[in-house]
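Here's the structure we're looking at; comments come further down.
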Amino acid sequence: MSEASNQLPEPFNIDGPLNTIGNTTARVDAVERVTGEAKYSRDIKLPGMLYARVLRSPHPHARIRRIDISAASSLPGVRAIITHETAPIVWGAGSVDGGRQYDDPTKEGTQQRRFIFNNPVRCVGDSVAAVAAVDRTVAEQALKLIKVDYEELPFVLEPEAALEPGASLVWPEGNLCPDFRHNYEPMVSNLGDIDAGLAEADQIFEDRYETSFVHNAQMEPRCALAHWQGQKLTLYTPTQGISNCRHDTARDLGLEDHQVRVVCNFMGGGFGNKNQNQDADLVAATLSKAANAPVMLEYSRKEDWLGVHGRWPTVQYYKVGVKQDGMVTGIQMRGYSGMGPYRKNSGGISGMDAYACENRQRTIYPVYTNRTTSGNFRAPAEPHGFFAVESMMDDIAYKLGIDPVDFTLKNMNRPTEARPYTNFSLDECIALGRDQFDWATRRRVTPGSDEGPIKRGAGFSFMMFRAGVGTSSAIVRVDSNKMYTLFVGVTDIGPGAKTTMGMIAAEELGIPMSQLEVVAGDTDRCPYSVGESGSRTTIQTGYAVMQAAKDLNQQIAAKGLPTGNDVLIASATPVPTTDGKIRQCFGAHFVEVEVDTRTGTTKILKYTTVHESGRIINPQTAKDQIRGATLQGIGQALHENLLYDPASGQPLTTGYYRARHLTHLDVPEIEVTFIEVDDGYGPFGAKTAGEAGIILAPAAVANAVSNAIGKRMTSLPISRDKILQVLL
Amino acid sequence: MANDKHIDKQGEVPTQEPLNPKQRSRRDFLEGAGATAVAGTAIVGTAIPGLGISTANAQQSNPSSNPKTSISLRVNGRRHSLQVDDNWTLVELLRDQLDLTGTKIGCNRSECGACTVLMDGKPVYSCSQLAVWADGKAITTVEGLAQNGRLSPLQQAFVDNNGPQCGFCTPGQLMTATALLNNNPAPNAEQVKQALVGNLCRCSNYSAIVEAVVSVADRGGVA
């Protein structure tokens, strides 16, 4: 990694050189992670703990006429069984309409509540019932004894087909998802005058793009261990946000926040699908209450695939107007996002906002289908959107005989007087990457021009992505032995939040990491934190850590260090702003591929990334965030897809092998360069890193494949059969 | 060349010991009789437990009447003689009975490698080995890598090179890499990738893992 420049767009004084930040620092819990001592949720055992299993629908759409649990109930060892009849619990975070973040009147108004068990069941894998028993074997045997009488209903799998007249209905109100105000309208954003923009163009280009359902596929399958002590519920559960999980769970179960404790010290990844609380938390809690014993609910890998969620598949129609000199005059997009039977998250399709063109119109239809649920996956709205719009622009550039990088530099968003940024480094990212990658040599000016069956080509993509500031909390304490304790409600889901928070505290306190303990992952011990979603933890909780440490420093300066059993404590919940300026991170990716046109195989030869994520706190973990996210994006570009059999509505590719996730052997070297900047906001100028890498990879890879073979690849994943098909 | 020896993920197919049903207890028998009472109920539902593929009628087997077998094995150098259910997998034995929860279950079907342990020095997926097959074997789990509180050079390399992101695949990566290093103390990156191909990492921290393993040679080997 190199620091290509150290631009300081605005004066910002740092008190002396940094001691901890910017130095590669081993994780504070690294030893636990490599010795097996780290206790993940499924590793926790409580005395008298029962095991739970969930019965799931085998049908894509069916009404449950009757559930007979009598045989299962009388199986020795069975302690509790719950169904939609006995546990009508709303899972608020399970759907946007009536969802978690809205007020009670809004929730009351919804006609489309998502329960932990739903009738009708609306996809293969929808939950039907749950059993708690003395061991796993008994729980699984009890599931087999539950007699369910299903009335099978017609189903629909594709979002466009779901909106056609006469399509079978997933919900009675229609297949267009309502928003959180119960409006059955598409999401429309209009800027400027799209008709005028297109009329002004010399040429109009139109194309259709589609992207697949990509499962988050985190290594740790969903589980939840629930334990009631009186009226207090403790949940040991893998979550990307203990505070959010606590609040959601309390509301769904009719409790006060303080009646719920959420503990998550280690968790095996989530990439967005462990945000908020999960149905598993509510099911385990309900079974535990019924059985009067701790209950561990475990999902199998296949259940995790179908019972949790992944990135929404999309269809996107673009219409772009361009002047002969390559200036874009209008961008119109109509998109369809397949949300499955519950709209768990937005269904957004991002990307066109990265262009400066003043005439833009975007219409997105989030659509119900009888596939599994779609929700957040690392940069929820971005990779599929950037893939489509940047493929569209790449195609136009080549058709006009313009270098796509020059085309981008001509058309990308930049700060204006009306839209100031805290800093803007996209030009530098692109220039540096173009140079490092040797773009001029590697790209084919005429796509597909290599002789012979094995063809090379190069692709480029760029992005800008939110890095806004916001509130969170932290507490820091010092005792008479000069030992410091930092209390932060973070969970290290992989990026290293505990360590990052510790580094920020150590830096501000002026102490070595060895003098600091980081307490995290427990709502009874830690203050609110924003949650490990939206790449916000470093910026928001990190800033709170910084402010709490400043406060403690002032206390120590005023009172001296504590003596005896006394301690000094500081807490902070700052509400920072960016003074009206836009704050974003930036990046550019360049990739060279080799396509064997006889087999359709794509091999990545060189991959260069340049990112500006503000100041880098921990260089090694930041670099690995970019590398890992980029590889996930390559998987989305080339392999991953949850296929369904159109005749039966059955999912076909649930699992790592079937979805073709990358293995060690599929991994090219990902070169990472950070342009480090301190814009004066966030903790020491740190910005977003976790989601940044995945946004660019599908677009860059798709553009490279198209450059190699001379045919535009409009459908993800770019699997071998699709390459062979366009070359026929 | 010995250094190129491919680490066979599945190992050899273990010889299956004859299963010994003699250990069935009186209590098992009584509970078995109890279950018979509900066995007459006709089961016609098509619900699929845990999304298994079978829609066959429910089994009427008794929960506690699983046949059991006595086995003895060494785990991390310590000898255990115990009775195991014949349907227990090795990872269930390790996690549930021996409290060695460092070994993780990612897929429970030989796809991801999170459950990799060493059986007589060879990496195996412990989710796909029956516990009875471990009779007479020496098993090493991630808990057995550090000696006297000192991390192995490979573990230290994982600490220094950010080998774990979420850490869930880490124990499996460590075990396969340990077997590789025992055969080839100085593998190159390509050899590491070949050996670890059966260990998935969805954080996709693959490069950091390979860099960690390659760096071990410079630290004086795995032992």
Need the failing condition index for A:A129 against (1) outside any helix (DSSP H, G or I); (2) of a type in the set (G, A, S); (3) farther than 16 Å from A:S57 by Cβ, just the number.
(3)
Collect the residues in the range B:105-125 that are under 22 Å from B:L181 (Cβ atoms) and at the interface with chain A (Cβ under 7 Å from one of its Cβ atoms), keeping them in residue-number order.
B:C112, B:A114
Picked from the range A:623-656 (must be touching a residue at least 60 places away in the same chain (Cβ under 8 Å) and of a type in the set (S, T, Y)), the residue nearest to the other protein chains (Cβ to nearest Cβ) is A:Y656
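Every residue, every condition in (1) in contact with a Ser or Thr (Cβ under 9 Å, 6 or more places away or on another chain); (2) more than 30 Å from A:N359 (Cα to Cα), yes or no:
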{"position": "A:G166", "(1), (2)": "no, yes"}
{"position": "A:L169", "(1), (2)": "no, yes"}
{"position": "A:P178", "(1), (2)": "yes, no"}
{"position": "A:Y184", "(1), (2)": "no, no"}
{"position": "A:E206", "(1), (2)": "no, no"}
{"position": "A:L235", "(1), (2)": "yes, yes"}
{"position": "A:G241", "(1), (2)": "yes, yes"}
Test: B:A157 is more than 26 Å from A:T499 (Cβ to Cβ) and not assigned by TED's automatic domain parsing to the domain that holds B:G106
no
Members of the range B:190-223 that are assigned to a loop (DSSP other than H, G, I, E, B) and of a type in the set (A, V, I, L, M, F, W, C):
B:L196, B:V197, B:L200, B:C201, B:C203, B:V222, B:A223
The range B:152-175, residues that are part of a loop (DSSP other than H, G, I, E, B), at negative phi and facing chain A (nearest Cβ under 8 Å):
B:N161, B:G163, B:P164, B:Q165, B:C166, B:F168, B:C169
Condition met for A:A647 (outside any helix (DSSP H, G or I), among the aliphatic types (A, V, I, L, M) and modelled with pLDDT of 95 or more):
yes
Of the candidates A:F271, A:F266, the one satisfying the condition of being within 14 Å of chain B (Cβ to nearest Cβ), within 19 Å of the chain's Cα centre (by Cα) and over 27 Å from A:S337 (Cβ atoms) is A:F266
Determine which member of the set A:G468, A:G452, A:G459 is of a type in the set (G, A, S), more than 14 Å from chain B (Cβ to nearest Cβ) and surrounded by fewer than 16 Cβ atoms within 10 Å (Cβ to Cβ).
A:G452
Among the residues of the range A:505-537 satisfying the criterion of being over 28 Å from A:N277 (Cβ atoms) and either in a loop (DSSP other than H, G, I, E, B) or β-branched (V, I, T) (or both), which is nearest to the other protein chains (Cβ to nearest Cβ)?
A:P512
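Among the listed residues A:V148, A:V156, identify the single one that is in a loop (DSSP other than H, G, I, E, B) and either more than 14 Å from chain B (Cβ to nearest Cβ) or of a type in the set (V, I, T) (or both).
Just a single option satisfies the conditions, and that option is A:V156.
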Looking at (1) of a type in the set (A, V, I, L, M, F, W, C); (2) surrounded by fewer than 24 Cβ atoms within 10 Å (Cβ to Cβ); (3) not assigned by TED's automatic domain parsing to the domain that holds A:T249, find the lone condition where A:M339 falls short.
(2)
Out of (1) touching a Gly at 6+ places or on another chain (Cβ under 7 Å); (2) facing chain B (nearest Cβ under 7 Å), the one A:P60 does not meet is (2)
Specify the residue that is nearest to the other protein chains (Cβ to nearest Cβ); the eligible residues are those in the range A:69-89 that are in contact with a Ser or Thr (Cβ under 9 Å, 6 or more places away or on another chain) and part of a strand (DSSP E or B).
A:I81
Checking the conditions here, which among A:K687, A:K711 is touching a residue at least 24 places away in the same chain (Cβ under 8 Å), surrounded by 24 or more Cβ atoms within 10 Å (Cβ to Cβ) and of a type in the set (D, E, K, R)?
A:K687
Looking at the range A:555-593, which of its residues are among the β-branched types (V, I, T), more than 30 Å from A:A708 (Cα to Cα), over 24 Å from the mean Cα position of the chain (by Cα) and outside any loop (DSSP other than H, G, I, E, B)?
A:I556, A:V567, A:I569
Any residue at all in the range A:184-206 that is in contact with a Pro (Cβ under 6 Å, 6 or more places away or on another chain) and away from chain B (no Cβ under 14 Å)?
yes
Going residue by residue through the range A:713-724, is there one that turns out to be of a type in the set (D, E) and more than 14 Å from chain B (Cβ to nearest Cβ)?
yes
Among the residues of the range A:338-356, the number that are at pLDDT below 95 and assigned to a strand (DSSP E or B) is 1
Given the structure, is B:G149 of a type in the set (G, A, S), within 10 Å of another protein chain (Cβ to nearest Cβ) and more than 26 Å from A:I626 (Cβ to Cβ)?
yes
State all residues of the range A:357-380 that are out of contact with any Asp or Glu (no Cβ under 8 Å at 6 or more places or on another chain), closer than 19 Å to A:E200 by Cβ and part of a loop (DSSP other than H, G, I, E, B); if no residue qualifies, say none.
A:C357, A:E358
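Residue by residue, here is whether (1) over 19 Å from the mean Cα position of the chain (by Cα); (2) under 24 Å from A:A217 (Cα atoms); (3) modelled with pLDDT of 95 or more holds:
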| residue | (1), (2), (3) |
| --- | --- |
| B:Q165 | yes, yes, yes |
| B:T170 | no, yes, yes |
| B:Q173 | no, yes, yes |
| B:T176 | no, yes, yes |
| B:N183 | yes, no, yes |
| B:N188 | yes, no, yes |
| B:A195 | no, yes, yes |
| B:G221 | yes, no, no |
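How about the range A:448-504: which of its residues are assigned to a helix (DSSP H, G or I) and over 30 Å from A:F387 (Cα atoms)?
A:K498, A:T499, A:T500, A:M501, A:G502, A:M503, A:I504 - these are the residues of the range A:448-504 that are assigned to a helix (DSSP H, G or I) and over 30 Å from A:F387 (Cα atoms).
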Do you know which residues across the range A:24-58 are of a type in the set (K, R) and within 28 Å of the chain's Cα centre (by Cα)?
A:R27, A:R33, A:K39, A:R42, A:R53, A:R56
Test A:K559 against the criterion of being within 27 Å of A:M501 (Cβ to Cβ), touching a residue at least 40 places away in the same chain (Cβ under 8 Å) and basic (K, R), and give yes or no.
no
Across (1) part of a loop (DSSP other than H, G, I, E, B); (2) within 19 Å of the chain's Cα centre (by Cα); (3) crowded, with 24+ Cβ neighbours inside 10 Å, A:L662 clears everything bar (3)
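The values are calculated or read from the model by the stated rules, or taken from the named source; none is laboratory data. Keep in mind that this is a model prediction, so the values were computed, not measured. Virtual Cβ from ideal backbone geometry, glycine too; neighbours counted across all protein chains shown.
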